[in-house]
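Working notes for the structure below.
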Amino acid sequence: MSKPITKAVILARGLGTRMQKSDGAELDPETARIAQQGLKALIQVAGRPFLDYGLQNLLDAGFTEICLIVPPGETPFKSYYSEVGQRLAGKASICFAVQELPRGTSDALAPAEDFAGKEGIVMVNADNIYSTEDLAALRTADDGCWVVGYTKDALTVRGNLAVEKVARMACVQMDAAMNLERIVEKPPRPEDYAVNGVVYVSMNLFRFSPIVFEACRKIEPHPVRGEYEITSTVQYIIDHKLDSYRVHVASGTVLDLSARADISSVRERLGSRKLTF
């Protein structure tokens, strides 16, 4: 039996450009101020930053070492989570790794190489809250690499994502044994990648072995978006047979906070949630 991992990396470097755009959602002045700066993770939910709830789920899933990917310099985000780290002392640790420029998810993961060392890690987005059960499943999974695949209903019925948003997400293509073959970004016909009639999509919830950092250095930026994307890194690993990837079908859901229109649904879902730190 493999040894459960303890390390998680949270990608929190993004500019939050979608959050900065007005989409008709009515916000109170303080929330509007934070949204205008693109600080999605610091949007207040029942008096606490949104990311606190995602961090709580990581802690509840058994992760005890957390690395936050941040921009250079001192920021309100870094100051706040430095203080959270002090509150968690003896139970869990928080450290930071710097992504100099926002050049994509693969480039964001790369600075966590020293944090990971020779151990496996789980990677999450700061603007998504993943279920404790799916996080725990990745933490205790067999050795190797994993991606979580979500059905439309998991995200739209149990979560807060719109159907049209899910339809634009990357599809997870796998074989009959649930081995990952490809993650296909924004395919025009998602149904072409169905498994037994079901389409699975990725929400950037991965378990990686240390080989991921070598692959991060090998890939080229996306020819259109110009970013170093984690899906390209995963595909590089599969194509060059550096490691194997399996698909964990999600049992839980995801709460998404990428735009202003998401704020009200997130607050409704999390308003009664109690935190332990």
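Taking the range 6-15, which residues are over 8 Å from PHE63 (Cβ atoms), part of a loop (DSSP other than H, G, I, E, B) and not basic (Lys, Arg)?
Initially, the range 6-15 is screened for residues over 8 Å from PHE63 (Cβ atoms), giving 9-15.
In the following step, the residues that additionally are part of a loop (DSSP other than H, G, I, E, B) were identified as 12-15.
Correct list: ALA12, GLY14, LEU15.
Scan the range 101-145 for residues that are touching a strand residue (DSSP E or B) at 6+ places or on another chain (Cβ under 9 Å), of a type in the set (A, V, I, L, M, F, W, C) and under 30 Å from ARG267 (Cα atoms) and jot them down.
ALA108, LEU109, ILE121, VAL122, MET123, VAL124, ALA126, ILE129, LEU135, ALA137, LEU138
Which residues, counting only those in the range 68-85, are aliphatic (A, V, I, L, M) and without any contact (Cβ under 8 Å) to a residue 24 or more places away in the chain? It would help to see each step written out before you state the result.
Taking the range 68-85 as the starting set, the residues that turn out to be aliphatic (A, V, I, L, M) are 68-70, 84.
None; the set is empty.
Looking at the range 86-150, what strands (runs of 3 or more DSSP E) fall wholly within it and have at least 2 residues that are under 26 Å from ALA250 (Cβ atoms), under 12 Å from the mean Cα position of the chain (by Cα) and touching a residue at least 40 places away in the same chain (Cβ under 8 Å)?
Numbers: elements: 93-98, 121-125, 128-130, 145-150.
It comes to 121-125, 128-130, 145-150.
Could you grab the pairs with beta carbons closer than 9 Å, sequence gap of 6+ or different chains, first residue in the range 202-217 and in a strand (DSSP E or B), second one of a type in the set (D, E, K, R)?
Filtered contacts from the range 202-217: MET203/ASP256; LEU205/ASP134; ARG207/ARG139; PHE208/ASP243.
I'm checking my understanding of the structure. Among residues of the range 219-250 that are loosely packed, with under 13 Cβ neighbours inside 10 Å and not acidic (Asp, Glu), which one is nearest to ASN179 (Cα to Cα)?
Start the filter on the range 219-250 by keeping residues that are loosely packed, with under 13 Cβ neighbours inside 10 Å, which leaves 220, 223-226, 239-241.
Narrowing the set further to residues that are not acidic (Asp, Glu) leaves 223-226, 240-241.
Values: PRO223: 27, VAL224: 28, ARG225: 28, GLY226: 29, HIS240: 15, LYS241: 13 Å.
My answer is LYS241.
In this structure, does ILE43 turn out to be under 17 Å from ILE129 (Cα atoms), modelled with pLDDT of 95 or more, more than 14 Å from the chain's Cα centre (by Cα) and among the β-branched types (Val, Ile, Thr)?
Yes; evaluated as a whole, the condition is true for this residue.
Consider the range 172-194. How many of its residues are outside any strand (DSSP E or B) and under 26 Å from GLY104 (Cβ atoms)?
Start the filter on the range 172-194 by keeping residues that are outside any strand (DSSP E or B), which leaves 175-178, 185-194.
Next cut, under 26 Å from GLY104 (Cβ atoms) only: 185-190, 192-193.
Selection size over the range 172-194: 8.
Of the conditions (1) within 17 Å of the chain's Cα centre (by Cα); (2) crowded, with 20+ Cβ neighbours inside 10 Å, ALA35 clears all except one; give me its number.
Here ALA35 clears every test but (1).
What number goes with the only condition from (1) farther than 16 Å from THR105 by Cβ; (2) crowded, with 18+ Cβ neighbours inside 10 Å; (3) under 20 Å from the mean Cα position of the chain (by Cα); (4) not polar (S, T, N, Q) that MET169 does not pass?
(1) is the only condition that MET169 fails.
The values are calculated or read from the model by the stated rules, or taken from the named source; none is laboratory data. These numbers were taken from a predicted model, which means no experiment stands behind them. Every residue, glycine as well, gets a Cβ built from its backbone with ideal geometry; the counts of neighbours run over all protein chains shown.
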